[in-house]
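The values are calculated or read from the model by the stated rules, or taken from the named source; none is laboratory data. Not measured: the values here are computed from a predicted model. With ideal geometry, Cβ positions are generated from the backbone for all residues, glycine too; neighbour counts draw on all protein chains shown. Surface areas here come from the heavy atoms of the whole protein model, side chains and all, with no ligands, DNA or RNA. Shrake-Rupley method; radii C 1.70, N 1.55, O 1.52, S 1.80 Å.
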Amino acid sequence: MMGEIPWSEVTGFPVLSTLIGLPLVFMLAALRAEKRGLAWTIGFAGSLAELGVALFLLARFDAGSADFQFTEHTVFLSVLNYHLGVDGISLGFVLLTALLTVLALLFREIGREAPAGLYVATVLACEATAMGMLLALDLAQFWVAAGLELWPVTLILRRWGGDEDRTGLRVYLRFAGSGLAMLGGGVFLLGLGHARATGVWSFDLAALLEAPPTGTLESLVFLLLFYGFSVRLAQFPLHGWLPIVAAQGLPATALALLIGMKIGIYGLLRFVLPLLPNAVHEWGAWTLGLALAGMFYGAALALMQLDFRRLMAFATVSQTGMLVAGVFAPNLEGLSGTLLLAFNFGAAGAGLFFLAGMLRRRTGTLLLPRLGGLFESLPGLGMLFLVAALSTIAMPGTPGFDAAHLLLEGLIENRGLGAAIAVAVGNVLAAGFLLWAFQRIFLAHRRSHRPYPGWPRPGWREHTLIALLCLVLLGVGFYTAPWIHLAHQALLRLAQVHTPPSVALPAASRLSAHPS
C-alpha cells in the first residue's frame, strides 16, 4: 500500500506545485525581457530559486519514512486527477534536475545569437516539464508532462540544431514520438485493466497498485512501457536518435539536460517495477541481454569515434546498459546501486557535454585528431574531464565506486556471477575509451599545426560550473552514506515486491552495514 503525508502537515505552502510552477513564472519573465543579458540573469535567478526550493524539500524530507511526502491531490471537474508526491527515489532526481538547470543557465552558451530570451525560456520549460514527470503520482499526468516536454526540445533542435536540413530534428521526433505513443498505449491499457477489475477508470498509481494487471495484459503493458522509457534512455537498440542529434551541433546545454536527467530510469523504478512484478521476472533475462549488448555495443562504437560528441553519445548508450541491468536486478543492493549510479552518470555525463561546449568555443572543433595538448592552456577543463571520466568508471572517491559495488552485489545475488562479470568487463571498456579520449585531447601532442581561433580563457561562469560539478561528484563520492540512506526505505519497499521477506531482510541489513 502507498502511504502519503500531505504537504499541509509538513510545510506552509504546496512545495511540489511550486517546483513545477516556479520555472514557468521565470520562463515568462525571460520571454518579456528586452535585453539579452537581462534574460540570462532572470533565467539564472529562476534556476537558483528552484534549486533553493529543492534543497528546502531535502531539508524537510523524512528519510526514515517510505511514504510519499508533501503530497497534493485534487480532482478537477470529476475527471482530471492532479496528484503529486515525492519519496526517496524521486528526491534525488529532483535535486539533479535543479542542479543541471542552474549549470545550464550559468553556462551562457547562446551568447551572441538572438533571441537569448527564447533559449532561456526553453531551458526553463524543460525543467518545469521534467519536474512535472518526477513528481507525478498519476500515469496520465506523467504522460502529459512527457508530451509537453517535446515542445521545448523540438524548439531547441529547430532553432539551434546546427543542421540546415534538420535531420537531427526529424530523427529525434520520429524516435521520441514513437516512444511517447508506446508509453501512452501502456498507460491506456493500465487504465483499461483497472476499469475491467473495478468498474472505474483510473491512472492513479495508488489505485493501480490495488488492482494491477495480470497475465498477457501485464506482459503487453510491460513491453509498451519498456519501449517508451528505453527511447528516453537511448537504450540499445532504441538509441539511434542520440548519435545523430549529438553530431548536428545541438547546444551542449540541451544535450546535458536531455542526457543528464535520467527520467527513463526514474520511470522504470517508479512505475514498471511496482506495477508489473510478474512481467519484470518473466522478461528479466531478455532485458538483461539487451542491457549487456548495449554496454558492449556502445563501448565498441565509442572507441571508433573521431568526434567527441559522438563518442559521448555512444558512451551514454554503454552507461545506460549498466543502469538497465541494475534496474532488472530488483533487490535492495541492485536498486540502491542503480539509483546512485543514475545520479553519477547524469551529473558526470552532463559535465562532459558542458565540457564539449567549452572546447568548441575555444578550438572551433571537436574532432579528436585536431585536438591535443590542451591541459597546459586549459587545466580547468582537463580537471573536469578527469573527474567526470573517473566518476563514470567507478574510481574510489567518486559516487560511481559505491554505486557500482552495490549494483554488482545485486547482480550476483539476483542474476548470477556471469552477469556481474559481464557488467564489470563493460565498465573496464568504458575506462578505456574515456581515458583514451582524455589522453588524446589534453595530453597527446597535437598533430595539426593550424592555430586555434584564440578564444579567451574560461571566465568566472565556466570556472564556477567546473568547480560545482567537481565538488558535487567528489563530495557525494566521499560521503555516499546519507544519499543511500535517503532512498533506503523507498527502495526497501520496492525490493520487497520482488523478493520474499525472508530474503529481503538480510539484504537490508547488509546494505545498512555497507562501509560507505
When you check L374 against the structure, is it modelled with pLDDT under 85 and touching a Lys or Arg at 6+ places or on another chain (Cβ under 7 Å), yes or no? no
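Test L367 against the stated conditions and say whether it is of a type outside the set (S, T, N, Q), touching a residue at least 40 places away in the same chain (Cβ under 8 Å) and touching a strand residue (DSSP E or B) at 6+ places or on another chain (Cβ under 8 Å).
On the way: of a type outside the set (S, T, N, Q): yes; touching a residue at least 40 places away in the same chain (Cβ under 8 Å): yes; touching a strand residue (DSSP E or B) at 6+ places or on another chain (Cβ under 8 Å): yes.
Yes; evaluated as a whole, the condition is true for this residue.
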From (1) at pLDDT 90 or above; (2) over 30 Å from G117 (Cα atoms), pick out the condition that doesn't hold for L16. (2)
Restricting attention to segment 55-83, the residues that are of a type in the set (V, I, T) and open to solvent by less than 20 Å² (accessible area, probe 1.4 Å) number exactly 1
Please verify whether segment 239-249 includes one or more residues that are β-branched (V, I, T), open to solvent by 10 Å² or more (accessible area, probe 1.4 Å) and outside any helix (DSSP H, G or I). no
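Listed residues R174, R158; which is without any contact (Cβ under 8 Å) to a residue 24 or more places away in the chain and surrounded by fewer than 20 Cβ atoms within 10 Å (Cβ to Cβ)?
On the way: R174 fails: without any contact (Cβ under 8 Å) to a residue 24 or more places away in the chain.
Just one listed residue meets the conditions, R158.
From L157, L205, L225, L190, which residue is of a type outside the set (F, W, Y) and closer than 30 Å to G357 by Cβ?
On the way: L205 fails: closer than 30 Å to G357 by Cβ; L225 fails: closer than 30 Å to G357 by Cβ; L190 fails: closer than 30 Å to G357 by Cβ.
Checking each option against the conditions leaves just L157.
Only one of these is in contact with a helix residue (DSSP H, G or I) (Cβ under 7 Å, 6 or more places away or on another chain), buried (at least 23 other Cβ atoms within 10 Å of the Cβ) and not in a helix (DSSP H, G or I): A394, A404, A348. Name it.
Details: A404 fails: not in a helix (DSSP H, G or I); A348 fails: not in a helix (DSSP H, G or I).
Going through A394, A404, A348 in turn, the sole match is A394.
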Every residue from segment 222-238 that is among the aliphatic types (A, V, I, L, M), part of a helix (DSSP H, G or I) and either buried (at least 24 other Cβ atoms within 10 Å of the Cβ) or touching a Ser or Thr at 6+ places or on another chain (Cβ under 8 Å) (or both): L225, V231, L233
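Is it the case, given these coordinates, that V245 is of a type in the set (V, I, T), touching a helix residue (DSSP H, G or I) at 6+ places or on another chain (Cβ under 6 Å) and at pLDDT 90 or above? Spell out how you get there, then give the answer.
On the way: of a type in the set (V, I, T): yes; touching a helix residue (DSSP H, G or I) at 6+ places or on another chain (Cβ under 6 Å): yes; at pLDDT 90 or above: no.
No; evaluated as a whole, the condition is false for this residue.
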Which of (1) out of contact with any helix residue (DSSP H, G or I) (no Cβ under 8 Å at 6 or more places or on another chain); (2) of a type in the set (A, V, I, L, M); (3) open to solvent by less than 10 Å² (accessible area, probe 1.4 Å) does M304 not meet, given it meets every other one? (3)
Can you find a residue in segment 310-327 that is open to solvent by 10 Å² or more (accessible area, probe 1.4 Å), touching a residue at least 60 places away in the same chain (Cβ under 8 Å) and not in a helix (DSSP H, G or I)? no
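So which helices (runs of 4 or more DSSP H) stay within segment 46-160 end to end and still have 1 or more residues that are over 28 Å from L189 (Cβ atoms) and among the charged types (D, E, K, R)?
Working: elements: 88-106, 116-135, 139-160.
Correct list: 116-135, 139-160.
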When you go through (1) surrounded by fewer than 21 Cβ atoms within 10 Å (Cβ to Cβ); (2) in contact (Cβ under 8 Å) with a residue 40 or more places away in the chain; (3) of a type outside the set (K, R) one by one for G186, which number turns out not to apply? (1)
Only residues in segment 62-76 that are among the small types (G, A, S) count as the first member; pair them with residues that are open to solvent by 80 Å² or more (accessible area, probe 1.4 Å), Cβ under 7 angstrom, at least 6 apart or cross-chain, and list the lot. A63/H485
Filter segment 161-171 for residues that are in a helix (DSSP H, G or I) and not hydroxyl-bearing (S, T, Y); the one that is most open to solvent (accessible area, probe 1.4 Å) is R170
Can you name every residue in segment 208-221 that is within 20 Å of L84 (Cβ to Cβ) and either modelled with pLDDT under 90 or open to solvent by 20 Å² or more (accessible area, probe 1.4 Å) (or both)? L209, E210
Could you tell me how many of the residues in segment 210-248 are of a type outside the set (S, T, N, Q) and touching a His at 6+ places or on another chain (Cβ under 9 Å)? 6
If W151 passes every condition in (1) under 19 Å from T122 (Cα atoms); (2) surrounded by fewer than 18 Cβ atoms within 10 Å (Cβ to Cβ); (3) in contact (Cβ under 8 Å) with a residue 24 or more places away in the chain; (4) in contact with a Leu (Cβ under 7 Å, 6 or more places away or on another chain) but one, which one does it miss? (4)
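Go over the candidates T167, T129 one by one and state the one that is under 28 Å from E50 (Cβ atoms) and polar (S, T, N, Q). Walk me through it before giving the result.
Details: T167 fails: under 28 Å from E50 (Cβ atoms).
Exactly one residue qualifies, and that residue is T129.
Give segment 437-459 a look and list any residue that's at pLDDT 80 or above and farther than 25 Å from V324 by Cβ, or say none.
Of all residues in segment 437-459, those at pLDDT 80 or above come to 437-443.
Once the filter is applied, which keeps residues that are at pLDDT 80 or above and farther than 25 Å from V324 by Cβ, segment 437-459 yields F438, Q439, R440, I441, F442, L443.
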